[in-house]
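See structure below.
The values are calculated or read from the model by the stated rules, or taken from the named source; none is laboratory data. The structure presented is a predicted model; accordingly, all values stated were derived computationally and were not measured. Cβ: placed from backbone, ideal geometry, glycine included. Neighbour counts: every protein chain shown. Note: accessible area is taken over every heavy atom of the protein model, side chains too, but ligands, DNA and RNA are not part of it. Shrake-Rupley method; radii C 1.70, N 1.55, O 1.52, S 1.80 Å.
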Amino acid sequence: QVQLVESGGGLVQPGGSLRLSCAAPGGIFSIYFMGWYRQAPGKQREVVARISSSGTTTYGESVKGRFTISRDNAKNTVYLQMSSLKPEDTAVYYCNAYRASVNYWGKGTLVTVSS
């Protein structure tokens, strides 16, 4: 069974920063698109950021300029650096790996932005 393992979530104050990490099996990481999604209670899951095997990145409109996705191929890990956090960023953040019709998901890590 393929497992994606997220870490780094927690409670932060508005304006603060967090870095999320997602570890993936090497065989998956090397050829799959990797990404971060989030879902708040009562809302649809939305894309936060995605990164290709070559390093090309895309971001959701609400996080552009504040979040940065990156990958360390040697460590089979993708990161999401979050800064200038807002209360509306509060959500469960999920790591995703995609290739063709196959999707893998982590269990999620909760990020709460509150004073």
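A few points about this structure:
- From its DSSP helices (H runs of at least four residues, each -39,500 (n - 2.57)), the chain gives a residue-normalised ellipticity at 222 nm of -500 deg cm²/dmol.
- Trypsin sites (Lys or Arg not before Pro) lying in DSSP loop within region 50-84, provided at most 11 other Cβ fall within 10 Å: K64
- FRET efficiency for S115 and I31, using Cβ-Cβ distance with R0 set to 41 Å, rounded to 0.05: 0.45
- Estimated FRET transfer efficiency when R0 is 35 angstrom, pair R99-K64 (beta carbons, to 0.05): 0.90
- Whole-Å semi-axes of the ellipsoid equivalent to region 1-65 (Cα gyration tensor, √5λ, descending): 22, 15, 13
- Taking all protein chains as they are arranged and a probe of 1.4 Å, the heavy atoms of Y104 leave approximately 60 Å² accessible to solvent.
- Computing FRET efficiency as 1/(1 + (r/R0)^6) for K75 and A40, where r is the C-beta to C-beta distance and R0 is 41 Å, gives about 0.90.
- Approximate spin-label separation K86-S7, in nm, with each point projected 7 Å along Cα-to-Cβ: 3.1
- Ellipsoid equivalent to region 34-115 - semi-axes via the Cα gyration tensor, in Å: 21, 15, 12
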